[in-house]
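Reading through the structure tokens given below for one structure.
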Amino acid sequence: MSNDCITYQNSGYFSKLIVDYLDEKPELKSLYNRFPKLNNFEAQIEEKSNNFPFENRQILVSALEKQYENFEISEYTSQNIQFLKQSNTFTITTGHQLNLFSGPLYFLYKIVSTINMCKELKLKFPAQNFVPIYWMATEDHDFDEINYFNYHDKKIQWNRESKGAVGRLATEESATVLETFKKEVGLGNHATYLCDLFEKAYVAHQNLADATRYLANELFKNDGLVILDGDADELKKLFIPYVKRELVEQISHQKVTETLPKLTEYTLQVNPRAINLFYLGDNLRERIINENGNYYVNSTSIVFTKAEILAELEKNPTHFSPNVLMRPVYQEVLLPNLCYIGGGGEIAYWLQLKSTFEAYNLTFPMLLLRNSALLATQKQAAKLSKLALNWEDLFLPQQSLLNKKTKEKSQFTIDFKAEKEHLRLQFKRLYLMANQTDKSFFGAVAAQEKKQIKGLDTLEKRLLKAEKRVLSNELSQITGLQNELFPKGILQERTANFAMYYEAFGPTLIEQLLTSLQPFAQNFTILVY
């Protein structure tokens, strides 16, 4: 498998906020603790060491041991769990929804980034241990976002009712999805493995959290990955003081609101609510709303006084679930974490949270944009070369790409800049004359100049269109290749599921991702296999 790369900044697929963050623009530096460079981790380790209660480690390990009770795990993963008891052990964390059969490809890229960062940190700091953590978003409740995956051109969907936290959702009806998948997948050992993997993950486990744990553990069982479910009583007890302050003082709303003026030139990822918590039950996850001193659970008849909701918190901490702005706080309370690895949208909302962490006296983790990759076959790479394209071309919007290649291949120069400049020089002489006569003549000259320039613009567009017809066969091949690698104009990693690549290449797929993706590189990697 050979590879190439393009910088995130030049890919055209990241927001201005993320590009400015990657460029370390000075105006954003107050929004993060340290930029994720290898040399910055020494200070991050020291700060986290001084600001993470040692007693939390045993509670964390105890919870993990319970969560893994019915799972076969590698010696490497088991060792990593036990390492978490030690003060010289730190985590690198990524998080993801419980997408059916892992969802889009970037699920793999997140975890690979996390594993590879731990390896690099171990080389740099051999006296410390670094544990890769996959935080399962088990308390999310939008099942429609995660109930499908794309296999080639087929959307394989799990149609059923869902309320409450998705991690608790029973998987008893998932056998129908397996049957659909079996009809689509091909023959051979890799196809058989995929069907067996789906069955053992979803049909053989009782809920979506356990199914996802099995799936991720199976794919990365030899890499020491530790999978954490925050929906656990002993872990929620550690979160009680922070939930209490959110209920009473509304810390996150206050601090995120104070941060917003620093982000006025960017599109905001998340707007804070007055209370950034949900009330959670087996079939319920609804916002908590404070009105006139009482606490209401949205869309229900449940209501608490202040005293009652604080008593409920002490008695049943698992009934309180963080939303997108409080979940990072919960994560960093539980973990001796140094860095969070996420996609552009995730990094964007984390950049709203530094002052919230300061208010809670928590160490703000470093924020690393996960690896991104484009997977291409040797056949596609050969076609790219034949069409005189480079990989960067394919990242262009399709019309921009076609315009560019048409201009390159045309026997004419489809750019009338010289003609327009010549025209403007001619009109400059007319303006000199106009300044010496009646104002109405000046207006006539200006109108005629505008008309002539517009006419040249129209001719340029018509010439481009005519040349596209001449080159239609070659341009059709270009669009065909781009559509294969960017289905519907969307990044491959955001649509395709790993199964279609695993079916072709088996475990080599993940092995090559682990070999090729470099977490600190800040490059969109093109892998040709």
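Observations
- Taking the conditions (1) of a type in the set (Val, Ile, Thr); (2) in a helix (DSSP H, G or I); (3) within 24 Å of Asn80 (Cα to Cα) in turn, Thr356 satisfies each one other than (3).
- Asn99 touching a residue at least 24 places away in the same chain (Cβ under 8 Å) and either within 18 Å of Leu121 (Cβ to Cβ) or more than 26 Å from the chain's Cα centre (by Cα) (or both): no
- Of note, Glu503 satisfies the criterion of being surrounded by 21 or more Cβ atoms within 10 Å (Cβ to Cβ) and part of a helix (DSSP H, G or I).
- Here Lys428 passes the criteria (1) exposed (fewer than 13 other Cβ atoms within 10 Å of the Cβ); (2) under 20 Å from Leu401 (Cβ atoms) except the one numbered (2).
- Residues that are closer than 15 Å to Asn33 by Cα, in contact (Cβ under 8 Å) with a residue 60 or more places away in the chain and not in a loop (DSSP other than H, G, I, E, B) are absent from the range 282-295.
- Every residue from the range 274-283 that is surrounded by fewer than 17 Cβ atoms within 10 Å (Cβ to Cβ) and at pLDDT 95 or above: Ala274
- Filtered residues of the range 125-154 (kept if more than 16 Å from the chain's Cα centre (by Cα), farther than 20 Å from Leu194 by Cβ and not in a strand (DSSP E or B)): Phe125, Pro126, Ala127, Gln128, Thr138, Glu139, His141, Asp142, Phe143, Asp144
Quick grid of which residues meet (1) closer than 30 Å to Thr508 by Cα; (2) at pLDDT below 85; (3) in contact with a strand residue (DSSP E or B) (Cβ under 8 Å, 6 or more places away or on another chain); (4) among the aliphatic types (A, V, I, L, M):
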site	(1), (2), (3), (4)
Trp391	yes, no, yes, no
Lys409	no, yes, no, no
Leu423	no, yes, no, yes
Lys439	no, yes, no, no
Gln448	no, yes, no, no
Glu467	no, yes, no, no
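- Candidates Leu194, Leu187, Leu178 - the one that is modelled with pLDDT under 95, hydrophobic (A, V, I, L, M, F, W, C) and more than 21 Å from the chain's Cα centre (by Cα): Leu187
- Residue in the range 238-245 that is within 23 Å of Thr138 (Cβ to Cβ), among the basic types (Lys, Arg), modelled with pLDDT of 95 or more and more than 29 Å from the chain's Cα centre (by Cα) present: yes
- Test for Thr495: is it without any contact (Cβ under 8 Å) to a residue 40 or more places away in the chain and either farther than 30 Å from Leu105 by Cα or surrounded by 14 or more Cβ atoms within 10 Å (Cβ to Cβ) (or both): no
- Scanning the range 48-75 for residues that are closer than 19 Å to Phe125 by Cα and either surrounded by fewer than 15 Cβ atoms within 10 Å (Cβ to Cβ) or at pLDDT below 95 (or both) yields one hit, Asn50.
- When every residue of the range 399-421 is checked against the conditions, none turns out to be of a type in the set (D, E, K, R), more than 29 Å from Thr7 (Cβ to Cβ), out of contact with any Phe, Trp or Tyr (no Cβ under 8 Å at 6 or more places or on another chain) and part of a loop (DSSP other than H, G, I, E, B).
- Residues that are assigned to a loop (DSSP other than H, G, I, E, B) and either surrounded by 12 or more Cβ atoms within 10 Å (Cβ to Cβ) or of a type outside the set (S, T, N, Q) (or both), drawn from the range 299-308: Ile302
- Answer from Ala216, Ala209, Ala191, Ala201 - the residue that is touching a Gly at 6+ places or on another chain (Cβ under 7 Å), hydrophobic (A, V, I, L, M, F, W, C) and not in a loop (DSSP other than H, G, I, E, B): Ala209
- Checked against (1) surrounded by fewer than 21 Cβ atoms within 10 Å (Cβ to Cβ); (2) over 23 Å from the mean Cα position of the chain (by Cα), Leu169 passes all but a single condition, namely (1).
- Taken together, Glu286, Glu291, Glu246 contain a single residue that is buried (at least 19 other Cβ atoms within 10 Å of the Cβ), out of contact with any helix residue (DSSP H, G or I) (no Cβ under 9 Å at 6 or more places or on another chain) and not small (Gly, Ala, Ser), which is Glu286.
The values are calculated or read from the model by the stated rules, or taken from the named source; none is laboratory data. Nothing here was measured: the structure is a model prediction, and the numbers come from that model. No Cβ is skipped: glycine too gets one built from the backbone with ideal geometry, and neighbour counts run over all protein chains shown.
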